[in-house]
Amino acid sequence: MSYVPPHLRNFSAGKTTTLNSDGAAADYFSSKLSSHQSRIHCNGELDKSSSNGYSNSSRRSSVNYSTASRTAIPDPEFPQWKPSERVLRLKSEQIEEIRLRLNVDVNVAPGSSSAPAPIESFPDMCLHPSIMKDIEKHGYTAPTSIQAQSMPVALSGRDLLGCAETGSGKTAAFSIPMIQVANFISMSYCESVSVHCLAQQPLQRGDGPLALVLAPTRELAQQIEKEVTAFSLSLDSFKTAIVVGGTNISEQRSELRAGVHIVVATPGRLIDHLQQGNTSLCRISFVVLDEADRMLDMGFEPQIREVMRNLPEKHQTLLFSATMPTEIEALAQDYLTNPVRIKVGKVSSPTANVSQILEKVPENDKIDRLLDLLVEEAAQSERSGHPFPLTIVFVERKTKCDEVAEALTQQGLLATALHGGRSQSEREAALRDFRHGPINILVATDVASRGLDVTGVGHVINLDLPKTMEDYVHRIGRTGRAGSTGRATSFYTDRDMYLVAQIRRAIADIGSGNDVTFAMGKTARRKEREAAAAEKEARSTLSKLSLVESAVNVEDKYRHMITPAMIKKEGAADDAWDD
């Protein structure tokens, strides 16, 4: 059954809705839900004629949602935000000059009002004094490019579609406006800092959160929740909760039922809590979809759409992604209203501040070559007196991940493994030890390739290259973040030649100052894999033809003259074709 939010179940105090025998609601629902893209009947079934086309027949059945925690849910109101007078006085030419300097590209839909001007200092954003205090405590002196343009858009109440290269500060770009909005909505006071007096009811026990962030992985969700907490430390009674799988659901249940302002969640676990009645979406006014492309890659699109179509009609949506495939465009078209589109830098391209090295290594020699490389690097660090650079080694499979980590440890290197087969506590411990010591080498699968922000990663090594260029960009994006420099070393074999050719082209384009562009998303990656397979098949066919053409035909009566050394046993060339 689909989740039916409380604001649709109990639409006014003191008024009841009658249900017929099959659970269909009275006329209210048909009129109320006409504004939604897909209708949800009172019996919880999704209308088969829904434009999204998702069926919930395979989803676990939910409990009865006939009662809500409050008889009347207050409509969300958004603070009337204004920047400083200095920003308001900026002329259009000055605004374009700032965007050019920040390398920011801004677009709005035809007929929409122009986007707010970028703001290059936090004081000019007129944020809550407590938030400003936490920003200073966090060590932020000036906004990054994505923050300078995204935060004014978010604070002004506009929907936003943000795309920026990795390590650009996207998390703070949505966290700070989200805290500002959630804090004002949750309290009833007159604020002197460019914000009108709000008469909202405070958060009560049993209420759902005021803001929601959806993220693809547990690690990224934890990272976001940590950032949100850091920027709200000085706010009295401001509560956040993290809702992810692999942890105790009863503790999450208690936290949600007690009432929290912001929930950071993975889609699957959030749906579990909604179906159990532990929380609701009725007071959500601010929604963030972070690393949305990754969530779609992981198959979370049905859950995302389930959440989005059950939100209150009045809400603000921010969608952030490191890539912008066609699937993201479709999601934005469905759930964002006239969004301001912001792009910073060369999105989804290998950054110029990461030096990239490609090295051909036979499959069976990869681990030995890795050990030689890292042992030599450790010796150089010891001789120079510099600390060993934080290093991430990417491998293809979980089993190989553990194998490589063990081999590095046996060589006296401080390494640990991170992959989906480890428990949540083990993954948290691995990340903690890598961030804060003593571990300086993290051997990981692609679970660590997106969104994971570890300060100071100096070297990324692809022991196994990924299948697509997009995944390669995300991997090497773990280093060279926020303007720093980094290195990326990739081992490859003959089977990787298609991707290697793309990487070499990208490196050449970066060196010549050209933009690097390539298709992204599920459809693009499928076509890329098909092209790689076709190229591999063509090479194999060409090799076989060349062998046939170069063979010498020997008549039977002369065959005795061939020396035994010229006759190869069956299977002698197997290794040459092993890919």
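Enumerate the amide H contacts of F286 below 5 Å, restricted to partners 5 or more residues apart or on another chain; note that Pro and chain-start residues carry no placed amide H.
Those lying under 5 Å, H to H, from F286 are L212, Q316.
Arranged from highest to lowest average of other beta-carbon atoms within 10 Å per residue, in what order do the peptides 419-432, 286-299, 82-95 appear?
286-299, 419-432, 82-95
In whole Hz, with x marking every Gly and Pro, tabulate ³J(HN,Hα) for the range 267-278 from phi via Karplus 6.51 cos²θ - 1.76 cosθ + 1.60, θ = phi - 60°.
x, x, 5, 4, 4, 4, 5, 5, 5, 7, x, 7
Can you give the local net charge around P267? Use residues other than it whose beta-carbon is closer than 11 angstrom to its beta-carbon, Lys and Arg +1, Asp and Glu -1.
Taking every other residue near P267 into account, the sum is -1.
Provide the per-residue ³J(HN,Hα) series for the range 282-291, in order, calculated from phi with Karplus coefficients 6.51, -1.76, 1.60 and θ = phi - 60°, each as a whole number of Hz, with x at glycine and proline positions.
5, 10, 5, 10, 9, 10, 10, 10, 9, 6
Through the Karplus equation 6.51 cos²θ - 1.76 cosθ + 1.60, θ set to phi - 60°, convert the phi angles of the range 230-240 into ³J(HN,Hα) values in whole Hz; use x for Gly and Pro.
Coupling constants for the range 230-240: 4, 8, 10, 4, 8, 8, 5, 6, 8, 10, 10 Hz.
Using the structure shown, select from K133/K343; K170/K239; K366/K400; K366/K467; K366/K398; K398/K467 the pairs with a Cα to Cα distance greater than 19 angstrom.
Table pairs above 19 Å Cα-Cα are K133/K343; K170/K239.
Sort 373-382, 461-470 by packing, meaning the average of other beta carbons within 10 Å per residue, with the highest value first.
Descending packing order for the listed peptides: 461-470, 373-382.
In terms of modelled amide H atoms, which long-range or inter-chain residues lie less than 5 Å from the amide H of A444?
Amide H neighbours of A444: V393, F394, V395, L418.
Excluding V288 itself, what net charge comes from residues whose Cβ is under 13 Å from its Cβ, given Lys and Arg +1 and Asp and Glu -1?
-4
Ignoring everything but the protein chains, give the 1.4 Å probe accessible area of T493 in square angstrom, nearest 10.
So the heavy atoms of T493 present about 20 Å² to solvent.
Count the net charge of all other residues whose Cβ sits under 13 Å from the Cβ of T409, scoring Lys and Arg as +1 and Asp and Glu as -1.
-4
Heavy atoms of the protein only, probe of 1.4 Å, neighbouring chains included. What is the accessible area of D402 in Å², nearest 10?
Approximately 70 Å² for this residue.
Heavy atoms of the protein only, probe of 1.4 Å, neighbouring chains included. What is the accessible area of S156 in Å², nearest 10?
50 Å²
The values are calculated or read from the model by the stated rules, or taken from the named source; none is laboratory data. Predicted model only: the values in this text are computed from it and were never measured. All Cβ positions, glycine included, derive from the backbone under ideal geometry; neighbour counts span all protein chains shown. All accessible areas refer to the heavy atoms of the entire protein, side chains included, with ligands and DNA or RNA removed. Shrake-Rupley method; radii C 1.70, N 1.55, O 1.52, S 1.80 Å.
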